[in-house]
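Participant: Pasting a structure below so you can have a look.
All of the numbers you see were taken from the coordinates with simple rules; none came from a lab. All values reported here derive from a predicted model rather than from experimental measurement. Cβ placement follows ideal geometry from the backbone for every residue including glycine, while neighbour counts extend to all protein chains displayed.
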Amino acid sequence: MGVRIRVAKPGEEQRLTWIQRQAWSPETSPVPPHSSEGSIFDGHVEAGNVLVADESGLAVGFSKLVPLTTSSPQLAGTGDHVQQLHGFSVLPDHRGRGIGRMMLAAVRAEALRRGATRVTLRVLSTNQRAMRLYRAAGYEVEGRLGGEFRIGDRLVDDVLMELELPS
C-alpha cells in the first residue's frame, strides 16, 4: 500500500487543512472546517499532536490526539491518563484501503507511549462509517447527547466513545 503514519511537521498546515475541507460533510461535523487561511495547529493542537497518513510523501489523512489536560488546563493532575481524539480525516478517494485502521492503531500506540489508559472521542450519530471504524478498533459507546446539534432541519446526536488501554 505504501502508506506510513508519522508525526506532522510544521509547515504542513495548508495540506492538512485542505484534507480536512475535502473530508468534511454535514454527516461528519456540525460546522464546516477552517478556511484556507486557518490552521489546524491552533490552541492546544500543535504539530506534535497530529499523526499523518503519508503515501509516497503526500499526506492523505491525519488524526489529532491531545491530552485531556491540554485542552482543559484546570484539570492538570486529574486527567493525565486520558487522551482525546480531536479530529480524524482521510481523503475521500483514499477511504476503504485500511488507512483509517492504520491511523487508529498509531493513535493507540501513541496514547500508550504517553502513558494513557484511555482514549476518548466524540462522533456524530450520522457518521456511521466512522462509528463502524472506531468499533472495529475497540472503541465502545460510552454515552450519547441526544439532539445535541441542529444540522439543516434535523437534530443530530453527539456520541461519546472510548477505548480502554492496558495500565
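Participant: Could you give the C-alpha radius of gyration of segment 3-164 expressed as a fraction of 2.2 N^0.38 Å, taking N as the number of residues it contains?
Facilitator: Here the Cα radius of gyration is 1.00 times the empirical estimate.
Participant: Using the Kirkwood radius over Cα pairs, work out the Stokes-Einstein diffusion coefficient for segment 80-167 at 20 °C and 1.002 mPa s, in µm²/s as a whole number.
Facilitator: The Stokes-Einstein estimate is 155 µm²/s.
Participant: Then there's this: Rank these for me by crowding, Leu155, Leu121, Leu165, going from fewest to most other beta carbons within 10 Å.
Facilitator: The order, fewest Cβ neighbours first, is Leu155, Leu165, Leu121.
Participant: Here's something else I'd like to know. Could you give the dipole magnitude of the chain about its Cα centre, charging the beta-carbon of Lys and Arg +1 and that of Asp and Glu -1, in debye to the nearest 20?
Facilitator: Value, rounded to 20: 480 debye.
Participant: Could you give the nm distance between label points at Val31 and Arg114, where each point is 7 Å from its Cα heading toward the beta carbon?
Facilitator: 2.1 nm
Participant: Hey, another quick one. So what's the gap between the Cα centers of segment 93-128 and segment 138-157, to the nearest angstrom?
Facilitator: Measuring centre to centre over Cα atoms gives 19 Å.
Participant: Per DSSP H run of n ≥ 4, the term is -39500 (n - 2.57); total these for the chain, divide by its residue number, and report the mean residue ellipticity at 222 nm rounded to 500 deg cm²/dmol.
Facilitator: So the calculated ellipticity at 222 nm is -7000 deg cm²/dmol.
Participant: Still on this structure, I have one more. Please build a GNM for the chain, connecting alpha carbons under 10 Å apart, and tell me which residue among Ala23, Ala76, Ala130 fluctuates the most.
Facilitator: Ala76
Participant: Near Val107, within a Cβ-to-Cβ distance under 11 Å, what is the net charge of the other residues, with Lys and Arg +1 and Asp and Glu -1?
Facilitator: Its environment carries a net charge of +4.
Participant: Can you work out the FRET efficiency for the pair Leu145 and Leu165, with r the C-beta to C-beta distance and R0 = 25 Å, to the nearest 0.05?
Facilitator: That gives a FRET efficiency of 0.55.
Participant: With an 8 Å cut-off on Cα pairs and a minimum separation of 6 or more residues, tell me the relative contact order of the chain in percent.
Facilitator: This gives 20 percent for the chain.
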